[in-house]
Amino acid sequence: MAAITSTPARLAVFGGILVLVLGAGVGLGALVGPDETEPTAHDAGGHDGEQEAGHDAGHDEGGGHAAATPAGLESTAGGYALHLVDDRLEPGEQRLAFHVLGPDGAPVTAYDVQHEKELHLIVVRRDLTGFQHVHPTRAADGTWSVDVDLTPGVWRVLADTVPADGAPVVLGTDLAVPGDFEPEPLGEQALSSSVDGYDVTLGGLLQSGTETELALTVTRDGRPVTDLEPYLGAHGHLVALRSGDLGYLHVHPDEDGGSGPAIRFHSSFPSAGTYRLFLDFQHGGVVRTASFTVEVGGTGATSEHGAGHEH
Ligand SMILES: [Cu+2]
């Protein structure tokens, strides 16, 4: 501490701080994902751009603003549109067919690959039950199709994709399934979940407006599972949806992740509130999904303040 006396030493220190700040900015941009910062994604929708600007103006906390608006809230974004061939399907096992329409209105037939697939599709009922993360097949004419299992209610269909020559985009639209709808409550926060004899425990900071690391630890019969298998290029895939509007959060697996028992992810919760998390992991050649309801606290609140604010 006492060593910093000469001007060159101070300059060196300031230089070091500057590099650190710039480094943090680059890292955050990479984690948030290019679609949230890509100007072209907002050029096509002036409304979206204004919303983003409003968020930026209203929040002076550094780092959190980039994730203020979750993805998947719009059926048309960045010049692309999600179009269901039939937006009403009967309950049961059904073939869901759709197009991603490009700026020219024609189905997109060329995509970039992300996580080993051209398109990741989330199909979930609006009460956040019936979650399915599937990978449709594409016909040469750009028609995507996949088998899904439906129950009566309104469903959300979210397509996470990267059209070739375009920015990454997440498009969402509704699908109606007729019949007697029995809404299921989300339930209280639960940081552990059981599926097929596996127990998964969620750890990490559940606070909005900041980059947060989530760790999901998999055990079986009380023993850590250390031989999780790669699935789509990672040892687990996490999807987070906001209750109420089913806003879709970008969640990025830790590059250095091992084969368990802990799988680590980075994300930013855009607001306080209730979220549902879905973890896909593979073990013994089978992909399973563990799900969690979590309550996320407010921006910048201490845990004490947050608890008082929420209850
Ligand atoms: Cu996928």
- Note on the structure: The residues Y248, Y275, Y198, sorted from fewest to most surrounding Cβ atoms within 10 Å, come out as Y198, Y248, Y275
- Message: Which of rounded, prolate or oblate describes the range 192-310 when judged by the alpha-carbon gyration tensor and an a/c cut-off of 1.5?
- Response: prolate
- Query: Where both partners of a DSSP beta bridge lie in the range 76-177, what percent of those bridges are antiparallel, to the nearest 5?
  - Reply: 95 percent
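If R0 is 51 Å, what FRET efficiency do you get for E90 and L205 from their C-beta distance, rounded to 0.05? Please list the in-between numbers first.
Details: r = 43 Å, r/R0 = 0.84.
Once rounded, the FRET efficiency stands at 0.75.
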- Message: Please compute the volume of the convex hull spanned by the alpha-carbon atoms of the range 76-177 and report it per residue in Å³.
- Response: 88 Å³
- Relative contact order of the range 130-222: what whole-number percent is it, with Cα pairs under 8 angstrom and at least 6 residues apart? 17 percent
- Query: About the Cα centre of the range 118-256, what is the dipole size in debye to 20, counting +1 per Lys and Arg Cβ and -1 per Asp and Glu Cβ, all else neutral?
  - Reply: 220 debye
- How would you order 121-128, 236-243, 185-192 from highest to lowest mean count of nearby Cβ atoms within 10 Å? 236-243, 121-128, 185-192
- Would you mind ranking F181, F269, F98 so that the residue whose beta carbon has the fewest other beta carbons within 10 Å leads the list? F181, F98, F269
- Among T274, T173, T137, what is the fewest-to-most ranking by other Cβ atoms within 10 Å? T137, T274, T173
- Filter the GluC sites (Glu not before Pro) in the range 92-143 down to the DSSP loop ones having no more than 15 other Cβ atoms within 10 Å, then list what survives. E116
- Note on the structure: Under 5 Å from the placed amide H of G236, counting only residues 5+ away or on other chains, we find Y231
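Grab the beta carbon distance between D174 and E295, set R0 = 35 Å, and tell me the FRET efficiency rounded to 0.05. Present the calculation step by step, with values, prior to reporting the outcome.
Details: r = 26 Å, r/R0 = 0.74.
According to the calculation, E is roughly 0.85.
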- Task: Work out the FRET efficiency for T219 and D245 from their Cβ-Cβ distance, taking R0 = 45 Å, and round it to the nearest 0.05.
- Result: 0.85
- Query: Put a dot 7 Å past each Cα toward the Cβ at R288 and D104; how far apart are the dots in nm?
  - Reply: 4.8 nm
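Every read-out reported here was derived from the displayed coordinates using simple, explicitly stated rules and does not represent laboratory data. As the structure is a prediction and not an experimental result, all values here were calculated from the model. Don't worry about glycine lacking a Cβ; one is built from the backbone with ideal geometry, like all the others, and counts go over all protein chains shown.
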